[in-house]
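J.: Below is the structure I would like to discuss, written out as structure tokens.
Taken together, the values in this text are just the output of simple stated rules run on the coordinates, not laboratory data. This structure is a prediction, so every number in the text was calculated from the model and none was measured. Every residue, glycine among them, receives a Cβ derived from its backbone with ideal geometry; neighbour counts consider all protein chains shown.
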Amino acid sequence: MDTLFVNGSVFDGTTYRPGVAVAVRGGRIAAVGPDLADLRAAEIVDLDGGLLLPGFVDAHLHPVQGGIERAHCDLSPCDGLPAYQERIKQYADAHPDAPWILGGGWHQPDFPGGTPAAADLDLITGDRPAFLANADHHGAWVNSKALELAGIDAGTPDPPDGRIERGPDGVPTGTLHEGAMNLVGRLTPPTTPQELVDALLDAQQYLHSLGITGWQDAILGTYANLGDATPAYVELAESGRLTARVNGALWWERDRGAEQIPDLIARREALQYSRFRARSVKIMQDGVAENHTAAMIDPYFDGCGCRTGNSGISFVDPEALREHVTQLDAAGFQVHVHTIGDRAAREALDAFEKARASNGSNDNRHHIAHLQVIHPDDIPRFAKLGVAANMQALWAVYEPQMNELTIPFLGPERTGWQYPFNSLAKTGARLVAGSDWPVSSPNPLEAIHVAVNRRTDKADDPFLPEQAIDLTTALAAYTSGSAWVNHADETGRIAVGALADLAVLDRDPFTAPTDEINTARVRATCVEGELVFGPTS
């Protein structure tokens, strides 16, 4: 045996198994059971009461973008305008020759109405243009110089898929929503190939430190001002430096139609490596609730509790979406759809229903990500249509963005329809899990903590506690569930013959109170039995 893991417990991808040992040989699981003490191994790993489990698989994240933000002006650790301004000033002073100030990670609740002002950037950026994406990448904070360079003024119309935030006089104030980001983003210096590679390497090591051994990159292509990550993956795959298993989701360009499908097929065929494949297509069907671009069946409320005339944006015409998804399904693609609003979710489900009626059932493993607002009538359709529910559990909490920018504008009924993980599980839907990093933390244990408790340590009350799921279900979603959605069928489980993609926790969360799940830490991470994070001796 190469390695023998002893003196702990095992979660095998579906089941908790206390007191079980695991042997690894040649990169695969060779034995699982309570009586492995007589096996000889080159290395004995003492779990010391911890938990061995399959490596986490993140079903929806953006690692290259996360790595880039870590290298640029990273605002994610900051809270409040003064902290943002101080961080931006530090970055600007440290990079005097950079033609633009780029970065992101600011949080909408830190600004009135969730919309920062150009004037607050002008004070510290001077004559250099600045473009700073918010944490969810559905909006950008820009300064007056950037607006000037882009020619954006009171007479500039909103693009069809976005909105320019304006004052009462119609003058742009410094926040660009959704497709309006491109009005400035197209002017920013392109990310260099080496910057993309460096960002991916940094992100890969960071994700391994969290026990993550694989993921689905939710955008391969050009979105907003973010560079296309595809060449970086190719370089790492060809050079042997890609240690994670990655399924890439090719970006559906929403200003194009079915004519792009042959291009997507050609890209898929070109991107077939042992640890990197592009077999999915990502369609963003709507925006986000906080800026009222998430597509809703009924209109949003205003701050006074009255209905508005705004029901959000369906980025792809629903009838066209049904045809596109049917064609993609027939071509053998997995389709990965971003939906936040209940109308967007229904439109995606309608599209998958049309594809199944036209093409029959298959093993493409389609999924809908985010699941923020789902109409109760649509919850049983996930299981009926075989569509996986891709949850970003960390968002299902009371926090300022939910309390101030979401609940008042959804109203009480729709507030109760948010993140219905337990309802989906009870109807037989397959749960998979991801983080959407850098939108939020990529730490799976933090997300699992929220999935089980429906609260963070910062919140006193659980958010819709009836939608909590148990620890076994949450861990399964983040291991065997997400491995399944990635077509990584030899991973996500600890069973004889499976690849030894593994994570070791420093404690066993099954034996502790559920409110301590997020205190667990990853001690080691292995891919095919080889250590990619952890002690070297």
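J.: Would you compute, for the Cα atoms of the range 247-485, the largest minus smallest coordinate along each principal axis and list the three values in descending order, in whole Å?
T.: Taking max minus min along each principal axis of the Cα atoms, the range 247-485 gives 50, 42, 31 Å.
J.: Once phi is turned into θ = phi - 60°, what whole-Hz ³J(HN,Hα) does the Karplus curve with 6.51, -1.76 and 1.60 give for every residue of the range 208-217, x standing for Gly and Pro?
T.: Karplus values, whole Hz, x for Gly and Pro: 4, 5, 9, x, 8, 10, x, 7, 10, 6.
J.: Nearest 10 degrees is fine. How inclined is helix 444-453 to the longest principal axis of the chain, computing both from alpha carbons?
T.: Between the helix axis and the principal axis of the chain, the angle is about 80 degrees.
J.: Please determine, in degrees from 0 to 90 and to the nearest 10, the orientation of helix 318-330 with respect to the longest principal axis defined by the Cα atoms of the chain, where the helix direction is its Cα long axis.
T.: In the chain, helix 318-330 runs at an angle near 30 degrees to the longest axis.
J.: What's the whole-number percent of alpha carbon pairs in the chain lying beyond 41 angstrom?
T.: Numbers: 27947 of 143916 pairs.
It works out to 19 percent of all Cα pairs.
J.: Read phi for every residue in the range 44-49 and hand back ³J(HN,Hα) as whole Hz from Karplus 6.51 cos²θ - 1.76 cosθ + 1.60, θ = phi - 60°, with x for Gly and Pro.
T.: Computed from phi, the couplings for the range 44-49 are 9, 9, 8, 6, 6, x Hz.
J.: A further question on this structure: Under a 5 Å amide H to amide H cut-off, with H placed in plane at 1.01 Å, what residues pair with residue 532 once short-range neighbours are removed?
T.: 525, 526, 527
J.: For every other residue with a beta carbon closer than 13 angstrom to the beta carbon of residue 148, add +1 if it is Lys or Arg and -1 if Asp or Glu, then tell me the sum.
T.: -1
J.: Convert 20 °C to kelvin, take the viscosity as 1.002 mPa s, use the Kirkwood radius over C-alpha pairs of the range 75-185 as Rh, and evaluate the Stokes-Einstein diffusion coefficient in µm²/s, rounded to a whole number.
T.: Values: Rh = 13.8 Å.
Estimated diffusion coefficient is 155 µm²/s.
J.: Something else: Explain nothing, just compute: Karplus ³J(HN,Hα) = 6.51 cos²θ - 1.76 cosθ + 1.60, θ = phi - 60°, for every residue of the range 228-244 in order, whole Hz, x for Gly and Pro.
T.: 6, 6, 4, x, 5, 4, 4, 4, 5, 5, 6, 8, x, 8, 8, 9, 8
J.: Amide H neighbours of residue 13 under 5 Å, at least 5 residues apart or on other chains, H built in the peptide plane: list them.
T.: Amide H neighbours of residue 13, under 5 Å, 5+ apart: 494.
J.: Fewest Cβ neighbours within 10 Å first, please rank 358, 480, 440 accordingly.
T.: Ordered by Cβ neighbours within 10 Å, fewest first: 358, 440, 480.
J.: Placing +1 on the Cβ of each Lys and Arg and -1 on the Cβ of each Asp and Glu in the chain, which of 199, 281, 309 has its Cα farthest towards the positive end of the resulting dipole?
T.: 281
J.: Follow-up. Using only alpha carbon pairs under 8 Å that are at least six residues apart, calculate the relative contact order of the range 247-485 and give it in whole percent.
T.: 16 percent
J.: Quick check on the chain: of the DSSP beta bridges with both residues there, what percent are antiparallel, nearest 5%? Don't jump to the answer; show the numbers that get you there.
T.: Values: 36 of 79 bridges.
Taking every DSSP beta bridge within the chain, about 45 percent pair in antiparallel fashion.
J.: I would also like to ask the following. Once you list every other residue whose beta carbon is under 12 Å from the beta carbon of residue 93, what net charge do they have if Lys and Arg are +1 and Asp and Glu are -1?
T.: Counting the neighbours of residue 93, the net charge comes to +1.
J.: Further question on the same structure: Taking Cα pairs under 8 Å and at least six residues apart, what relative contact order does the chain come out at, in percent? Before the final figure, lay out each step's value.
T.: Values: 1228 pairs, mean separation 96.9, N = 537.
Over the chain, the number comes to 18 percent.
J.: Rounded to the nearest 0.05, what FRET efficiency is calculated for residue 331 and residue 186 with R0 set to 41 Å and r the Cβ-Cβ distance?
T.: The pair residue 331/residue 186 has a calculated efficiency of 0.85.
J.: Please compare each pair in 89/458; 89/145; 384/458 to a cut-off of 26 Å on the Cα-Cα distance and tell me which ones are over it.
T.: In this structure, 89/458; 384/458 lie more than 26 Å apart at Cα.
J.: Any idea which of 215, 152, 444 is furthest toward the positive side of the dipole for the chain, if Lys and Arg beta-carbons carry +1 and Asp and Glu beta-carbons -1?
T.: Farthest along the dipole direction, towards plus: 215.
J.: Something else: As I understand it, the value is the acute angle between the Cα axis of helix 81-94 and the longest principal axis of the Cα atoms of the chain; what does it come to in degrees, rounded to 10?
T.: 80 degrees
J.: Sequence gap at least 6, Cα distance under 8 Å: using those rules, report the relative contact order of the range 276-386 to the nearest whole percent.
T.: 28 percent
J.: Go through 300-306, 497-503 and give me the packing order, highest mean Cβ count within 10 Å leading. List each step's numbers first, then the result.
T.: Values: 300-306: 12.1, 497-503: 23.4.
Listed from highest to lowest mean packing, they are 497-503, 300-306.
J.: Long-range amide H contacts for residue 214: which residues qualify at under 5 Å (H placed 1.01 Å from N, peptide plane, sequence gap of 5 or more or a different chain)?
T.: For residue 214, whose amide H was placed from the backbone, the distant partners under 5 Å are 58, 245.
J.: Quick one: putting +1 on the C-beta of Lys and Arg, -1 on the C-beta of Asp and Glu, what dipole do you get for the chain around its Cα centre, in Debye to the nearest 20?
T.: The dipole magnitude comes to about 1200 debye.
J.: Order of 289-299, 119-129, 410-420 by packing, highest average Cβ count within 10 Å first?
T.: The most tightly packed comes first, giving 289-299, 410-420, 119-129.
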